Amino acid sequence: MPEVETAEPMLRVERLTKTFRIKSAALFAPPMELKAVNDVSFQVREGETLGIIGESGCGKSTLGKTLLRLIEPTSGRIFYRNRSLTELSRGEMKALRKELNIVSQDPYSSLDPRKTAGYLIEEPMTIHGIGTKKERKERVTELLNMVGLDYYHATRYPHEFSGGQRQRLNIARALAMNLKLIVCDEPVSALDVSVQAQVVNLLCDLKKKLKLTYIFISHDLSVVKYISDRIAIMYLGKIVELGDEAEIYAAPLHPYTEALFSAIPPESPFEEKRKIRLTGEVPSPMNLPRGCAFSTRCPRCEPRCREEVPELTGVGHEVACFLAPVQP
Amino acid sequence: MRTGMRQNANEAAGETLLRVRDLRTHFFTGSGVVKAVDGVSFDLARGGALGIVGESGSGKSVASNSIMRLLPKNGRIVDGSILFEGRDLVEVREKDMLKIRGQEISMIFQDPMTSLDPVFKIGDQVIEVLRAHRRLSNAEAWSEAVKALTMVGIPEPEKRMNSYPHEFSGGMRQRVFIAMAIACRPKLIIADEPTTALDVTVQAQVLDLLVDLQREMGTSVILVTHNLGVVWSLCGAVMVMYAGKTVEYATAKDLYRNPLHPYTWGLLNSMPRLGAGKEKGKEKPLAIIPGTPPDLRLTARNCNFHNRCAYRGDVCKEEVPPLIELEPGHFAACHFQTSGGRLTRKEA
């Protein structure tokens, strides 16, 4: 929930595009282009959680990394508190990383197995030259407590922790700085349900305590709904629908969103789901359809959809579909 | 079609196809005996579907692999029985087991990327299964394989017979694998996390396919998963496993309406719900089960769940709770539930 309704959003993304060049299988053929993120625009307000949902390969992780310039965008602009991130030098960007960070998906590969937990949490502070050695050690204990671990865990190595605990370490590492915005890239996907609930609760607590802003990337719709204030749905590198969490779940406007929701497994054995089954699978992002990206699988597709690309339009609840009902 | 395959799922609901009693599979490792499966019991009706749910490490995959007798060298079924149509699979010789695997019982695995051989055409892989179990001519095997691919909804099956696995997407590969599993029309399919590696929309397609096949062919299904939603969409009965033991076994509806074991309560509560409306700014925290599962080398002395249970008493630290039928068809292993003084579930 936004604490203050400020006029200027915390993060503003304008027409962001990331194109990867992929070598062709044939020897002298020109490289193919893969549009992982295709002309994406949105805003994130201070203190809110924006959920990004999509199936694998839709570009949601690339989007998350591009936002922090961990991957350089091909075109488009990103404004953080009115500073254009895309124009900052490496040094300026490094300084800004104290405020922006990412928690990645896999709690097993994202921690160096040869370093102790204490070292790993201290490392970002060392890199940014924060505090004296003693202050940093104190801060490590404080951070461990903050994420529900104890001071004695600082001397342990990553393999001595369970998956949930490692994800807590990752969060502690991200929080070591004076953090404002965290991109959570599938932070709970690799965890069991009961552990997943613990980490989700921790993220919610920290957000309240530290007034954080999250961009929460996941393919798990129920987790995203639980944690997010607003939701963006991605399909093949584009945002197809964006709006308030409650509104989107109550009345999805884009046919892909509808199909996605109807594919969620039922919540009880008594629930009879309305089934909208999509045929086929997501087309390759190297060979996008000419018109609307979803036109190849859309049950309501019209001739126009195969020719033109719909823009994301609307106020509050935005949707990129020619056939969506026009909003007042 | 062989006898027994034609039966409708509803007609045959009373007949038991598989009866597992007190199954124990242990692994003998350098650091001790790991009791991966330590007391699993359930029944599966002919044509029925059973979901085995539990967290990772709860022994659900080992339990299903034990039914197929697919265990690594250091693993052994040390106790219990697996009665499949009255025959105890624990006692069956390895030679006879080869005939049962693939023909009577077949398996679908989690990862469609690694479970198909990348250097053989998918047609050849389906034919291999058929010819291993049935005496068929080349032409018959080919047409049977095409039939199997048609059943799982692969477009242009004749043409696709000559494709290699890398030409298929994840969902399509899982369909091919299901085609291999049903090619010999087995009586039981064990699906070990069949949709975990797939996206939601593709997952829904594969689940629909399993439901259709179960209805059409009257095949029984054991679905191993950690996702309760998947269980609700497919299974009539559910067995909940914790630290190698069956803690609760009931029909899906009973388990959802009236769960009896505190672990099941925790599991149901910790699922975030789409339906639950939330008021802005005061989301209820998700209910959690504190702590972590026990070391499987140190279990079997008390209730495995006692260190995480909010309702524990002294007896839980002393004795192993037996699995008892508390209501008709509803089993649970909890000291308090079985001793008469029933616990009630605290609202999350």
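The values are calculated or read from the model by the stated rules, or taken from the named source; none is laboratory data. All values derive from a computational prediction rather than experimental measurement. Counting neighbours? That spans all protein chains shown, and the Cβs are built from the backbone with ideal geometry, glycine included.
Brief remarks follow.
- Only listed residue being without any contact (Cβ under 8 Å) to a residue 40 or more places away in the chain and under 21 Å from B:Asn269 (Cα atoms), chosen from B:Ile324, B:Ile289: B:Ile289
Quick grid of which residues meet (1) within 14 Å of chain B (Cβ to nearest Cβ); (2) buried (at least 24 other Cβ atoms within 10 Å of the Cβ); (3) without any contact (Cβ under 8 Å) to a residue 24 or more places away in the chain; (4) in contact with a Lys or Arg (Cβ under 8 Å, 6 or more places away or on another chain):
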site: A:Ala197; (1), (2), (3), (4): yes, yes, yes, no
site: A:Leu202; (1), (2), (3), (4): yes, no, no, yes
site: A:Ile217; (1), (2), (3), (4): no, yes, no, yes
site: A:Ile239; (1), (2), (3), (4): no, yes, no, no
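- The lone exception for B:Ile189 - which of (1) over 29 Å from A:Ser268 (Cα atoms); (2) assigned to a strand (DSSP E or B) it fails: (1)
- Residues in the stretch A:143-166 that are in a helix (DSSP H, G or I) and of a type in the set (Ser, Thr, Tyr): A:Tyr151, A:Tyr152, A:Thr155.
- Within the stretch B:225-250, being in a strand (DSSP E or B) and within 14 Å of chain A (Cβ to nearest Cβ) holds for B:Thr225, B:Ala237, B:Val238, B:Val240, B:Met241, B:Tyr242, B:Val247, B:Ala250.
- Subset of the stretch B:153-198 [among the small types (Gly, Ala, Ser), touching a residue at least 60 places away in the same chain (Cβ under 8 Å) and under 19 Å from B:Gln214 (Cα atoms)]: B:Ala181, B:Ala191
- Residues satisfying the stated conditions in the stretch B:251-262, i.e. buried (at least 22 other Cβ atoms within 10 Å of the Cβ) and either within 9 Å of chain A (Cβ to nearest Cβ) or at pLDDT 95 or above (or both): B:Ala252, B:Leu255
- Which listed residue, of A:Pro310, A:Pro265, is assigned to a loop (DSSP other than H, G, I, E, B), more than 9 Å from chain B (Cβ to nearest Cβ) and of a type outside the set (D, E, K, R): A:Pro310
- Residue ranges of helices (runs of 4 or more DSSP H) in the stretch A:55-142 with at least 2 members hydroxyl-bearing (Ser, Thr, Tyr): A:60-67, A:117-127
- Taking the criterion of being in contact with a His (Cβ under 9 Å, 6 or more places away or on another chain), surrounded by fewer than 23 Cβ atoms within 10 Å (Cβ to Cβ) and more than 13 Å from every other protein chain (Cβ to nearest Cβ), the only residue of the stretch A:165-185 that qualifies is A:Met177.
- Extreme residue, nearest to the other protein chains (Cβ to nearest Cβ), among residues of the stretch A:222-237 that are under 13 Å from the mean Cα position of the chain (by Cα) and among the aliphatic types (A, V, I, L, M): A:Val223
- Qualifying residue in the stretch A:93-112 (condition: over 27 Å from the mean Cα position of the chain (by Cα) and either under 22 Å from B:Pro293 (Cβ atoms) or modelled with pLDDT of 90 or more (or both)): no
- Any hit, the stretch A:284-296, residues being modelled with pLDDT of 85 or more, over 30 Å from B:Leu267 (Cβ atoms), within 23 Å of the chain's Cα centre (by Cα) and within 11 Å of another protein chain (Cβ to nearest Cβ): no
- Of all residues in the stretch A:247-265, exactly one satisfies the criterion of being over 20 Å from A:Pro310 (Cβ atoms) and surrounded by fewer than 17 Cβ atoms within 10 Å (Cβ to Cβ), namely A:Ala250.
This table checks each residue for (1) touching a helix residue (DSSP H, G or I) at 6+ places or on another chain (Cβ under 9 Å); (2) surrounded by fewer than 15 Cβ atoms within 10 Å (Cβ to Cβ); (3) of a type in the set (Gly, Ala, Ser); (4) within 20 Å of B:Ala204 (Cα to Cα).
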| residue | (1), (2), (3), (4) |
| --- | --- |
| B:Ala132 | yes, yes, yes, no |
| B:Ser137 | no, yes, yes, no |
| B:Val146 | yes, no, no, no |
| B:Pro157 | yes, no, no, no |
| B:Arg175 | yes, no, no, yes |
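- Residues (within 14 Å of another protein chain (Cβ to nearest Cβ), surrounded by fewer than 17 Cβ atoms within 10 Å (Cβ to Cβ) and basic (Lys, Arg)) located in the stretch B:281-331: B:Lys282, B:Lys284
- Counting only residues that are closer than 19 Å to A:Met125 by Cβ and either under 21 Å from the mean Cα position of the chain (by Cα) or free of Cβ contacts under 8 Å to residues at least 24 places away in the same chain (or both), the stretch A:150-172 holds 6 of them.
- Of all positions in the stretch B:163-186, at least one carries a residue that is over 20 Å from B:Pro112 (Cα atoms) and either out of contact with any strand residue (DSSP E or B) (no Cβ under 9 Å at 6 or more places or on another chain) or within 12 Å of another protein chain (Cβ to nearest Cβ) (or both).
- Residues satisfying the stated conditions in the stretch B:91-103, i.e. in contact (Cβ under 8 Å) with a residue 60 or more places away in the chain and surrounded by fewer than 20 Cβ atoms within 10 Å (Cβ to Cβ): B:Gln103
- Flag for B:Ala36 being in a helix (DSSP H, G or I) and either among the hydroxyl-bearing types (Ser, Thr, Tyr) or under 20 Å from B:Pro294 (Cβ atoms) (or both): no
- Within the stretch B:61-82, the set of residues being in a helix (DSSP H, G or I) and more than 20 Å from B:Ala181 (Cα to Cα) is empty.
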